[in-house]
Amino acid sequence: MGTFWWPRAQSLLPHFSGQPVDAVQLQQLLGKLTRALQHPDQEVLAARPFLATEQVSLTDLMAFTELMQPTAVGCDLFQDWSWLAVWRARVEATLGLELVQEAHRC
């Protein structure tokens, strides 16, 4: 499941529709997201430094890109997931913080 819905639910849809965020729908989406992040955080990244191998891979880059999208609307998905936060730091260190910041600049 991609996180592409997060910016739309939190920011874009209300902006274009003129309607506030539907709190019930947002909570449902957050529940799905919590279940989706539980496995990589508690099982995969607790056992190895990156998602697929011992080094950063295309899998990491794709997941990193998806999980960084909510930061555009002020939601840090990594704050509640310790292994995901460590993984994010590893990916950023591998890519270089300057490149990451440039890629995610609004």
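The values are calculated or read from the model by the stated rules, or taken from the named source; none is laboratory data. None of these values were measured; they are calculated from a predicted model. All Cβ positions, even for glycine, are placed from backbone atoms using ideal geometry, and neighbour counts span all protein chains on display. For the accessible areas, the whole protein counts, side chains as well, though only heavy atoms, and no ligand, DNA or RNA atoms are used. Shrake-Rupley method; radii C 1.70, N 1.55, O 1.52, S 1.80 Å.
Things to note:
- For region 1-43, a tally of residues being open to solvent by less than 80 Å² (accessible area, probe 1.4 Å), modelled with pLDDT under 75 and within 13 Å of the chain's Cα centre (by Cα) returns 5.
- Across region 74-106, the number of residues qualifying as in a loop (DSSP other than H, G, I, E, B) and farther than 18 Å from Leu30 by Cβ comes to 4.
- Count - residues of region 44-73 that are under 19 Å from Leu30 (Cβ atoms) and either open to solvent by 80 Å² or more (accessible area, probe 1.4 Å) or without any contact (Cβ under 8 Å) to a residue 40 or more places away in the chain (or both): 3
- Pick from region 87-106, criterion open to solvent by less than 60 Å² (accessible area, probe 1.4 Å) and β-branched (Val, Ile, Thr), ranking: nearest to Gln42 (Cα to Cα): Val91
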